[in-house]
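The values are calculated or read from the model by the stated rules, or taken from the named source; none is laboratory data. Quantities reported herein were computed from a predicted structural model and do not represent experimental measurements. Cβ placement follows ideal geometry from the backbone for every residue including glycine, while neighbour counts extend to all protein chains displayed. We work out accessible area using only protein heavy atoms, side chains counted, and drop any ligands, DNA or RNA first. Shrake-Rupley method; radii C 1.70, N 1.55, O 1.52, S 1.80 Å.
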Amino acid sequence: MLLKNSFDVARPPAQAWPLLLDVPNCAACMPGVELTSVEPDGSFKGKLSVKLGPVALKFNGIATLEDVDEANHSATIRAKGADLQGRGSAGATARVRVVPNGDYSKVLIETDLQLSGLVAQYGRASGIISAMAGEMVTAFATNMRTRMLNGENAGGAGSGNDGASTPNNTSAAGTNNAAISSGMIRRALWAWFRGLFKAKS
């Protein structure tokens, strides 16, 4: 399943790119994500809690950052995880690029998502997955902007490092989890019903 998402960052690419390479900081901005450790080989272990419709899923997983191209501001994130209740697994390869957008930047994310087991059955309606991914990217962008603004107010403009680099620090995302989960369900179900209506038509 191929998913495409994007969001804007109020920084030129040269400043936005280092913020996106700061994986612990990014994890703290993503709702439902908890970074548990940074491994000696540079990989990252963590947990992900999501809802596919009415079904709550929790994954343990590992992610790696590969093919980092500093000149073109692009990288590949490979992640895989298994549901804690043994209902299946998920794998994703996400290509991330930062491109100019006027004086600022646009972040483009293209994700190849693979689901197996019961998890694949829960996510069979692609509209539900797409809606969930869109909600998560929107929340991530909002939290990232808030962190950058807080960094500016604290005199650390452009650094993006305001205490978010410590594993398990997910406060920015945690405050939004309930609202995000509710919004995901509403939008996902609407996307599913809309797709079902089009299919029948």
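The simple spin-label model puts a point 7 Å past each Cα toward its Cβ; for residue 45 and residue 104 those points are separated by 3.8 nm.
Local charge sum around residue 81 (other residues, Cβ-Cβ under 13 Å, Lys/Arg +1, Asp/Glu -1)? Before the final figure, lay out the partial values.
On the way: positive: 45, 47, 58, 78, 80, 87; negative: 34, 83.
Overall, the nearby charge balance is +4.
One way to sum up the overall shape of the range 1-49 is the equivalent ellipsoid from its Cα gyration tensor, whose semi-axes run 22, 16, 11 Å, largest first.
Each peptide in 54-64, 7-17 receives the mean, over its residues, of other Cβ atoms within 10 Å, and ordering these scores from highest gives 7-17, 54-64.
Take the Cβ-Cβ distance between residue 72 and residue 10 as r, set R0 to 22 Å, and report the resulting FRET efficiency rounded to the nearest 0.05.
Details: r = 21 Å, r/R0 = 0.95.
For residue 72 and residue 10, the calculated efficiency is 0.55.
Rounded to the nearest 20, the Cβ-based charge dipole of the range 1-147 about its Cα centre (Lys and Arg +1, Asp and Glu -1) stands at 500 debye.
Solvent-accessible area assigned to carbon and sulfur over the range 58-101 amounts to 52 percent, based on a 1.4 Å probe. Among rounded, prolate and oblate, which fits the range 12-135 when a ≥ b ≥ c are the square roots of the eigenvalues of its C-alpha gyration tensor, a/c under 1.5 means rounded, and a/b larger than b/c means prolate? In terms of gyration-tensor shape, prolate. Computed over protein heavy atoms with a 1.4 angstrom probe, the accessible surface ordering of 95, 147, largest first, is 95, 147.
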